[in-house]
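The values are calculated or read from the model by the stated rules, or taken from the named source; none is laboratory data. This one's a predicted model, so the numbers in the text were calculated from it and none came from an experiment. Using ideal geometry, Cβ is built from the backbone for each residue, glycine included, and neighbour counts are taken over all protein chains shown. Protein only, heavy atoms only, side chains kept; ligands, DNA and RNA dropped before computing areas. Shrake-Rupley method; radii C 1.70, N 1.55, O 1.52, S 1.80 Å.
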Amino acid sequence: MDALILSRLQFAITTIYHFLFVPVTLGLSIFVALLETWYINSGSYEERVKLKKLVKFFGTIFLINFAMGVVTGIVQEFHFGMNWSEYARFMGDIFGAPLALEALTAFFIESTFIGLWIFGWDKLSEKMHCLCIWIVAFGSNLSAFWILVANSFMQHPVGYAIENGRAVMTDFIELVTNPYVFGEYSHTFFAGITTGGFLVIVVSAWKIATDDESREMFVRTLRRAVLYTMLGTLGVMGSGHMHAQYLAEANPMKLASFEALWETEDPAPFAVVADINQEERRNDSEILIPKMFTFMVHNSFSGEVKGINDLQKEAVEKYGSGYYIPNDVRGMFWSFRAMVGTGGLLLFIVFVTGCLAFFKRDEIRDYRCCLKLMPLLLPLPFIANSAGWYIAEAGRQPWIVVGLQKTAVAVSPNLSAGEVWITLIGFTAIYLFLAVLAVFAAVMFIRKTKITSEE
Amino acid sequence: MDLNIIWFILITVLFTGFFILEGFDYGVGMMMLGRPKNERAQFVRAIGPVWDGNEVWMITAGGATFAAFPHVYATMFSTFYLALFLMLLALIMRGVAFELRGKLQYSDWINFWDFGIIFGSFVPALLWGVAVVNLLRGLPIDYQMHYVGNFLNLLNPCAIMGGIFFVLLFAFHGANFLALKIADRGLVQELQKKSVCLGLLTLFAYVLFAGVAAAETDILAKLGTVVFLGLSIAAIIAGCAGAYAGKACKAFISSTLAIACLTIAFFNALFPRIMVSSISPDFSLNIYNAASTPHTLFLMTIAAVIFVPIVLVYQAWTYKTFKDRVTPADVHYH
């Protein structure tokens, strides 16, 4: 394996690992902020004691996750220069701006106000303290916006010109209002709500089943988290659907690839499962729902959807000879199904949990054995998130910036395979090691903490 | 003055902020070495509310370099590949350690993470010194701005001495910060004694480093640089004197000024280059051949002019909020 493929692998591992924590930060920050708002507006003394404990409880889980997200985010930023120097040269005029703005406008407020929030319980007024966590939530979600502005340019370049062999920014407003940003951001935002909310559901369910003293409060968070997650899941589905329709014009190759549609068809069928033969550019066998793909794209049963093979021909005409098909159509096809499948399953689980929390509130203890198993479902949103990013990034190949620069020429020319092996193994090892310790710390904390009215 | 010069100044400002603020965070981390558990907890608590915001100065300095001088970002980060890998491992350990160390109360658990903080503070301090000196000393960079040397090229005696100098300077700065932030008087006196020792060691390392650097680089070529280097030496001496006299505030301000003067001196020596090529002066990266377009520079200037002051205001407010000295009773928070 050469430095290119190893660098890609390293970036993929770092990104996926980083994005295990990011959605929790995005969603849980808002949830904790809502909890604290509830706390400062609550009435009786007893209620306030319990709610404050609850805010700190979920706040602590948030903080463990937040630390993991922050440190991997630094790795992410450094990677653009370390492994992808030619990308940084080619794209710096455009890509550097949102990255610097992310640091200036989002990272600073996030990390400053999180410090105020953690240590400011006795130093700030209640309202000011609550405002701090809202600012953290705002900063986190703003940082997601900036980095997705940068990513959207890579998927769908706008507002640029090519000068002296590099891309230069001609219109910042166009960069920020890239329609691609809207799809990516809304999808990511709601994925964050879903992931953060589902984490609260799982933790609450587990506490209800295992901790009798704290049960009352966790039934209450469970109900709120169910509504929150439901909103997130529906949002993620709606925005995903809209974004896929938009892909039909913005990046049809990606769309056709994750549906493994090799030939242009009108109306196009939807392949439920397919045995994909990338070499011969066809599916060896498939189970189809007629007209369905066309319906998903056009909201009607007639209309053309372009296939991979025609798009390849178009690309050759536009960019010269070459292979413009993402090199892992099979992986994209199944990742898409994994994403949509786990998303659907998640909605179902949240719905069932919601029925329990709202209509069986008093008998919820009888469902203890089910609730106790909820942690086994926790991987679901994380699988969906990772699969989603896999499609987004693998679907961009062979380009690093669609139509402008290929991944193969973007890698740092001075790196040897040996050097990248060292870092790949080193990063992966420390990621695994820290994940184990962080989960261990979180589980021990969740286990021992009680939410009661005792001081 | 054109935008390229303004951005060179802004990058200098960001790195100055980074070295001053993260300088004492790294220093405090290193001061934890060999201290008992309750003191380490107080040290961590002293920087607990602010270290994360301080670290963003580094991220912003990096991001701003990317936006304003993308070729520098590309060449520098790919050149220092393995060094940055080590730095990232250290920063990862350190960042997670701050959060996890207090989550469980087993001694082994706390000791392990505290070791992570010490390691995670020492390594970046050392490597930033090594990196900064190499920028000025010159690296084998070819006509395409590609690094053609290897990892060992970075580990020359001059750069390593620069690294050791940074470590000592930051440790001195950290000791001065702690002397301001710790409530226990006995401990403060002990810290101030250490600060005096560290200050003298820093001076010693400074002289050695300056000697080698004068021979191997053109650091003394400009009068302005010499003046700022002189000021930084004076500030370190003043810091030692302050610590010796038990004046914590004076000592901390002095080490702050020392770092600021040193950073300014260094960037002034570089100007208008940012990365020196040892192959040919024509291959050096400078503020013109490595820059973004005027359009992007202009846009980023507006952003910096608006947001940097805002950041300064709320970060200053944070320091004001946590102005009290840390008592042993404070540490149960974390």
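A cut-off under 13 angstrom between Cβ atoms defines the neighbours of A:A271, and their net charge, with Lys, Arg +1 and Asp, Glu -1, is -2.
So with the 1.4 Å probe, I'd like the accessible area per residue for the protein assembly as shown, rounded to whole Å². Walk me through the numbers before you get to the answer.
Values: 29480 Å² over 789 residues.
Ligands and nucleic acids excluded, the result is 37 Å² per residue.
Rounded to the nearest 20 debye, the dipole magnitude of region B:3-323 is 900 debye, with +1 charges on Lys and Arg beta carbons, -1 on Asp and Glu beta carbons, and the Cα centre as origin. Each residue of region A:283-292 is assigned a 3J(HN,Hα), and the resulting list reads 9, 5, 8, 7, 10, 10, 9, x, 6, 5 Hz, derived from the Karplus form 6.51 cos²θ - 1.76 cosθ + 1.60 (θ = phi - 60°), x at Gly and Pro. Partner lysines whose Cα lies under 18 Å from the Cα of A:K52, excluding those fewer than 8 positions away in the same chain, are identified as A:K123, A:K127, A:K207, A:K448, A:K450. Note on A:R330: accessible area is roughly 120 Å² with a 1.4 Å probe, heavy atoms of protein only.
What is the magnitude of the charge dipole of region B:21-144 about its Cα centre, with +1 placed on the Cβ of each Lys and Arg, -1 on the Cβ of each Asp and Glu, and no other charges, expressed in debye to the nearest 20? Let's see the in-between values first.
Working: 8 positive and 9 negative charges, 53 e Å.
Here region B:21-144 has a charge dipole of around 260 debye.
Taking the centroid of alpha carbons for each part, region A:307-356 and region A:1-55 are 27 Å apart.
Electrostatic tally near B:V56: other residues with Cβ closer than 10 Å to its Cβ, Lys and Arg +1, Asp and Glu -1, net -4.
Quick check for me: using +1 on Lys/Arg Cβ and -1 on Asp/Glu Cβ, what's the dipole size of the protein assembly as shown about its Cα centre, in debye to the nearest 20? Each step should come with its number before you reach the end.
Working: 53 positive and 58 negative charges, 516 e Å.
It works out to roughly 2480 debye.
The interface between chain B and chain A buries about 6400 Å² of solvent-accessible area in total (1.4 Å probe, ligands and nucleic acids excluded).
Ranking B:A245, B:F204, B:A304 by how far each Cα lies toward the positive end of the dipole of region B:3-323 (charges on Cβ) leaves B:A245 at the top.
The H on the amide N of B:I182, modeled in the peptide plane, is under 5 Å from the matching H of B:V326, each at least 5 residues off or on a different chain.
With a Förster radius of 25 Å applied to the C-beta separation of B:T327 and B:L200, the computed FRET efficiency comes to 0.25.
Percent of accessible area on chain A owned by carbon and sulfur, 1.4 Å probe?
Values: 11300 of 17440 Å².
Carbon-and-sulfur percentage of accessible area, whole number: 65.
Only protein atoms count toward the accessible area here, which uses a 1.4 Å probe; on region B:3-323, the carbon and sulfur part of that area reaches 74 percent.
What pairs from B:K250/B:K323; B:K194/B:K323; B:K37/B:K320 go past 25 Å between their alpha carbons? Please list the in-between numbers first.
On the way: B:K250/B:K323 16 Å; B:K194/B:K323 23 Å; B:K37/B:K320 27 Å.
Distance filter (> 25 Å) returns B:K37/B:K320.
For A:N283, the residues whose amide H sits under 5 Å from its own are A:N277, ignoring neighbours fewer than 5 places away on the same chain, with H placed 1.01 Å from N.
Going by a ≥ b ≥ c, the root eigenvalues of the Cα gyration tensor, does the protein assembly as shown fall in the rounded group (a/c under 1.5), the prolate group (a/b larger than b/c) or the oblate group? Could you put the intermediate results ahead of the total?
Values: a/c = 2.18, a/b = 1.19, b/c = 1.84.
It is oblate, given that a/c is not under 1.5 and a/b is not larger than b/c.
Along the axis of the charge dipole computed for region B:3-323 (Cβ charges of +1 for Lys and Arg, -1 for Asp and Glu, origin at the Cα centre), the listed residues B:G27, B:I6, B:Y147 are led at the positive end by B:G27. Think of the protein assembly as shown as a dipole: +1 on every Lys or Arg Cβ, -1 on every Asp or Glu Cβ, centred on the Cα centre; then among B:T318, A:F189, A:P98, B:T318 lies furthest on the positive end.
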